[in-house]
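Here's the structure, in structure tokens; my notes come after.
The values are calculated or read from the model by the stated rules, or taken from the named source; none is laboratory data. The model shown is predicted, which means the values in this text are computed figures rather than measured ones. Positions of Cβ are backbone-derived with ideal geometry, glycine not excepted, and every protein chain shown enters the neighbour counts.
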Amino acid sequence: MLELQNICFRADDKDILTDVNLKIDDKFVAITGPNGSGKSTLLKVIMGINEPTSGRVIFDGEDITDLPVNERAKRGLSFAFQQPVKFKGLRVRDLLTIASGSKMDLDRDCSFLKAVGLCPRDYIDREINDTLSGGEMKRIEIAMAAAKGGKMSLFDEPEAGIDLWSFNSLIDVFENLREKTDGNILIISHQERILEIADKIVYLKDGKVARYDTAEVIMDEFGMRRGRGCKCAHGMEGESCNG
């Protein structure tokens with residue numbers, strides 16, 4: 001279980017997060033809210049990329065507030081950025097082997113690629129470079145998260161910057177991960193289709209938790225379903241909302 005106790009984060013004389021208190025132990029939890037509400041900052045605080053100004057991060061009963069990123073990774077936390085990092089000279093199979101932390105196993109690595117909708121024969125020996133599209137890189141990074149396993153995987157807007165076809169496939173990937181992974185998933189998203197498969201949603205606004213409840217309750221309360229003339233997670237009205 002992940003517990004955040006009175007988390008505050010301040011940067012450039014501005015409060016980004018204010019007194020965030022959460023207990024997260026559901027299988028699939030989404031974080032959403034208006035742009036600038038502190039979602040990415042919160043995920044980075046959990047992973048240790050950002051150090052909170054005050055408050056504590058408790059993971060599986062242990063206070064990890066002062067632990068560096070690598071120690072949090074050892075305890076089962078993993079993080080996927082909005083823009084996946086490309087490692088020139090490495091192949092897909094190299095990344096999967098590194099992520100799993102064990103010797104190369106072709107059958108195992110191919111199973112991770114299949115799980116994210118990539119043909120192992122076409123991708124296992126591909127170099128990580130600019131010939132891979134944004135959608136392909138997102139899937140490979142998700143496959144790495146699956147290979148690493150662990151207790152909780154953190155995803156920062158995995159749908160950002162990918163085309164519609166890749167996005168539709170991405171939904172299938174997360175539904176598959178939700179069913180098959182042993183760990184928990186914490187994902188930042190604005191997209192209705194991703195929010196709908198969440199067990200719970202954290203709605204952030206102005207750096208605070210405005211509500212933490214089931215997907216159905218949150219989406220109805222904050223008007224995040226299409227065609228209702230209400231504000232979406234971006235804070236946009238009616239037809240202006242495209243996600």
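Taking first residues from the stretch 21-34 that are touching a residue at least 12 places away in the same chain (Cβ under 8 Å) and partners that are charged (D, E, K, R) and buried (at least 21 other Cβ atoms within 10 Å of the Cβ), the Cβ contacts under 9 Å between residues at least 6 apart in sequence or on separate chains come to I31/K39; T32/K39; G33/K39. Of all the criteria given as (1) over 22 Å from K39 (Cβ atoms); (2) buried (at least 21 other Cβ atoms within 10 Å of the Cβ), the one not satisfied by I201 is (1). Among the conditions (1) part of a helix (DSSP H, G or I); (2) touching a Lys or Arg at 6+ places or on another chain (Cβ under 8 Å); (3) of a type in the set (A, V, I, L, M), M144 misses just one, which is (2). Number of residues in the stretch 21-42 that are surrounded by 22 or more Cβ atoms within 10 Å (Cβ to Cβ) and more than 15 Å from H190 (Cα to Cα): the value is 1.
With the checklist (1) under 26 Å from R211 (Cβ atoms); (2) assigned to a loop (DSSP other than H, G, I, E, B) in hand, flag the one item K88 doesn't pass. Here K88 clears every test but (1).
Return yes or no: is E157 touching a strand residue (DSSP E or B) at 6+ places or on another chain (Cβ under 7 Å) and at pLDDT 80 or above? So E157 fits the description; yes. Exactly one residue among I46, I16 is crowded, with 23+ Cβ neighbours inside 10 Å, modelled with pLDDT of 95 or more and in contact with a strand residue (DSSP E or B) (Cβ under 8 Å, 6 or more places away or on another chain), and that residue is I46.
Yes/no per residue for (1) modelled with pLDDT of 90 or more; (2) under 27 Å from D19 (Cβ atoms); (3) aliphatic (A, V, I, L, M):
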site	(1), (2), (3)
I201	yes, yes, yes
R211	yes, yes, no
G227	no, no, no
C241	no, no, no
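Restricting T41, T18, T65 to those that are part of a loop (DSSP other than H, G, I, E, B) and either touching a residue at least 24 places away in the same chain (Cβ under 8 Å) or out of contact with any helix residue (DSSP H, G or I) (no Cβ under 6 Å at 6 or more places or on another chain) (or both) reduces the list to T65.
Conditions (1) buried (at least 17 other Cβ atoms within 10 Å of the Cβ); (2) touching a residue at least 60 places away in the same chain (Cβ under 8 Å); (3) farther than 25 Å from V45 by Cβ; (4) among the charged types (D, E, K, R), marked per residue:
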residue: L106; (1), (2), (3), (4): no, no, yes, no
residue: C110; (1), (2), (3), (4): yes, no, yes, no
residue: L132; (1), (2), (3), (4): yes, no, yes, no
residue: D156; (1), (2), (3), (4): yes, yes, no, yes
residue: A160; (1), (2), (3), (4): no, yes, no, no
residue: L177; (1), (2), (3), (4): yes, yes, no, no
